Every structure is written in C-alpha cells, then in structure tokens.
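Everything on this sheet refers to the single structure shown next.
Readers should treat all values here as calculations from the given coordinates under stated rules, not as data from a laboratory. None of the values given here were measured: they were computed from a predicted structure. Cβ: placed from backbone, ideal geometry, glycine included. Neighbour counts: every protein chain shown.
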Amino acid sequence: MITEPAPAKLNLALHVRARRSDGYHELDTLFTFVTDGDRLTAEPADSWRLRITGPFAAGLDAADDNLITRAARAFTAEFGVVIDLAVTLEKHLPIASGVGGGSADAAAMLRILARLHGIGRDDPRLIRIAEALGSDVPVCLAGVTALAQGRGEQLTPIAGLSGTPVLLANPRAPVSTAAVYAGWDEVDRGPLPEGDALAITRDGRNDLQPPALTLAPVIADVLAGLAEDGTAKVVRMSGSGATCFALFEDAAARDRVAAKLGRDHPVWWLLPTTLA
Ligand code: C5P
C-alpha cells in the first residue's frame, strides 16, 4: 500500500496582472503549503477503483470526471501503463475553497504513479500532465514554496516560512473560481513586492479578495474574525476563496483565535496548522 499526502495550498499573495484571450488570467503569486490536508492511499486491485472517505466526502463523487481519475487516465495515455489500483481519497479539505484540494489530490495521484513506475517528479511529461489538469496542479506536484507566473504554472521555488503557525478558516460557502476571476476589475495593481517570502506576504495582496467578497460577503466576517484579537501577523484570503488564513508568531495565539472562532461560528471550518 502506498500513501501520499495532499496538503492544502495557500496563496500567500496573489496579484492578478491581466486577463488573457484564452480565458485565464496572468498571475504573480506566492504559493506555499501547510502540513495538513487530504490523503491518498493506493493498493493493487483487479481494476481502477476510487473511493472517497473523510469529512468532506459527501461533496464529491468518485465518478469519471474526478480530477484523480483524470490524472490517472492522463498518466495511462502518456506512459502506456495499465493502472490497476484501488485508490482511497480521505477528503479533509473543503471543496471549491481556494486551498487547491482537488489539485492537491490530482498531484498526489501523479506522485503515486510516478513512484510506482520509476518516473521522476520533475519529468517534463509528468509536468505537462499536471499543467493540463489545472493551473494549481504543477505547484501541488512540486509541493514546494514557489513564486509563480503565467496562469500559475511557471514556478520559481523560494525559501518559505516553514514552521509558522497558521489558522485556516472557511465559512462553508463554496465560491466558483471562474466567477471570482470574472469579477476582477481588470486593474493591474502591480507585481509582487521584492524580498523574501515574509516581505512578499506582508506587503502583498490578494486581488481576488474584492470580487470574492462581492460574491460571498461572509468572507468579510472571516477576515475580521481572524484579525479580531490583533495577534495575527497577516490575514488574507487564499486563491479565489472563500478560505482565509492568518499567520501567527506562536501556536498559542493561533489556538486562542481558533477556539474563539469555533465558539462564535460553530458552522465554520477551521484548521489550526503550520506552514510546511
Ligand atoms: O486551471 P483551473 O482549471 O484550476 O482554473 C479554473 C478556472 O479559474 C478557469 O476556468 C478560469 O476561469 C480561472 N482561472 C483564471 N486564471 C488563472 C487560473 C484560473 O482565470 N490563472
């Protein structure tokens, strides 16, 4: 049996620079990962099987259009191997929430297949498959803190903020990535700031926050809740939302905010974790 983690991705900063003619947007973003997320396990079977368990299993079905199945199918097409595996996805991350859950799952599937078939994680054929599956899949495949341009696939790894306590909060309002991008006002507010990951995070923005707030006003409550006691160093939305994150100096401050939000907003999804 092979197990592969599919950690949540965060956009520590996300600057939207231009609308492209292919329907995507030109980005300048800083990706990183936390130490928690979904988990995939695979064991030999007589044919391909996908089963989904875990707290967010109900939001997904294991049908043919699942991104994990599409990743496996693309791997078969590229490498000409039959994939007889029973795969279990433990779904811990909320669906359509800006933390790249589906992308992380697809990338974890590709890593499992690459391991089983002796293919490098940096094999250009594997990276091509990742790019075709979605804008966030290449960074999830690499699993490292990285600056990204293009639609998010042109990666430049940089040192991250490993060990930083972080709290993720989601109001359980799924938001459509395409709709949030469509709401961007087409004003280029400039590239990421210069400097290391901390400076970029501190001085950067998420340009998708305003259109996401229009679609899901509850995001304002999440941002305010994370910032409320003043201990968070940075509070921001990730990706196209609605998940927001707060970075803290120490785990005790993070846990105090998590406990308070848990009491005040029992419906919200909260994940106290650490930057990877
Ligand atoms: O690449 P992915 O399938 O994850 O993108 C989902 C949607 O998000 C796209 O169809 C597009 O509307 C939007 N998107 C975008 N620009 C990006 C990434 C995603 O407009 N750089």
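Give me the extension gain from residue 189 to residue 61: residue separation times 0.36 nm, minus the current Cα-Cα distance, reported in nm with one decimal.
Working: separation 128, 0.36 × 128 = 46.08 nm, distance 3.87 nm.
Length gained between residue 189 and residue 61: 42.2 nm.
Of 196, 136, 221, the sequence from fewest to most neighbouring Cβ atoms within 10 angstrom is 196, 221, 136. Select from 163, 102, 143 the residue whose mean-square fluctuation is largest in a Gaussian network model of the chain (Cα-Cα springs shorter than 10 Å). Ranking 163, 102, 143 by mean-square fluctuation puts 163 first. On the beta carbon distance between residue 159 and residue 252, with R0 = 30 Å, the FRET formula returns roughly 0.75. So what's the gap between the Cα centers of the stretch 1-22 and the stretch 201-226, to the nearest angstrom? So the separation of the two Cα centres works out to 17 Å.
Only helices enter the 222 nm calculation for the chain: every DSSP H run of n ≥ 4 contributes -39,500 (n - 2.57), and dividing by all residues gives -9500 deg cm²/dmol, rounded to 500. For the pair the stretch 165-194 / the stretch 227-250, the C-alpha centres are spaced 13 Å from each other.
Among 138, 124, 157, the largest mean-square fluctuation in a Gaussian network model of the chain (Cα springs under 10 Å) belongs to 124.
The modelled label-to-label distance between residue 179 and residue 198, using points 7 Å beyond Cα along the C-beta direction, is 3.9 nm. A simple spin-label model places pseudo-atoms 7 Å from Cα toward Cβ; at residue 73 and residue 132 they are separated by 1.1 nm.
Aspartates and glutamates within cross-link reach of residue 233: Cα-Cα under 12 Å, excluding same-chain residues under 8 positions apart? Output for residue 233: 203, 249, 250.
Stretching the chain fully between residue 267 and residue 116 yields a gain of 50.3 nm (0.36 nm per residue, less the alpha carbon separation). Listing 249, 131 from fewest to most neighbouring C-beta atoms within 10 Å gives 249, 131. Determine the relative contact order of the chain: mean sequence separation of Cα pairs under 8 Å and six or more apart, normalised by residue count, in whole percent. Answer for the chain is 24 percent.
A simple spin-label model places the labels of residue 233 and residue 49 4.6 nm from each other, with each point 7 Å out along Cα-to-Cβ.
For residue 91, a cut-off of 24 angstrom between C-alpha atoms picks up these lysines, skipping any fewer than 8 places away in its own chain: 9.
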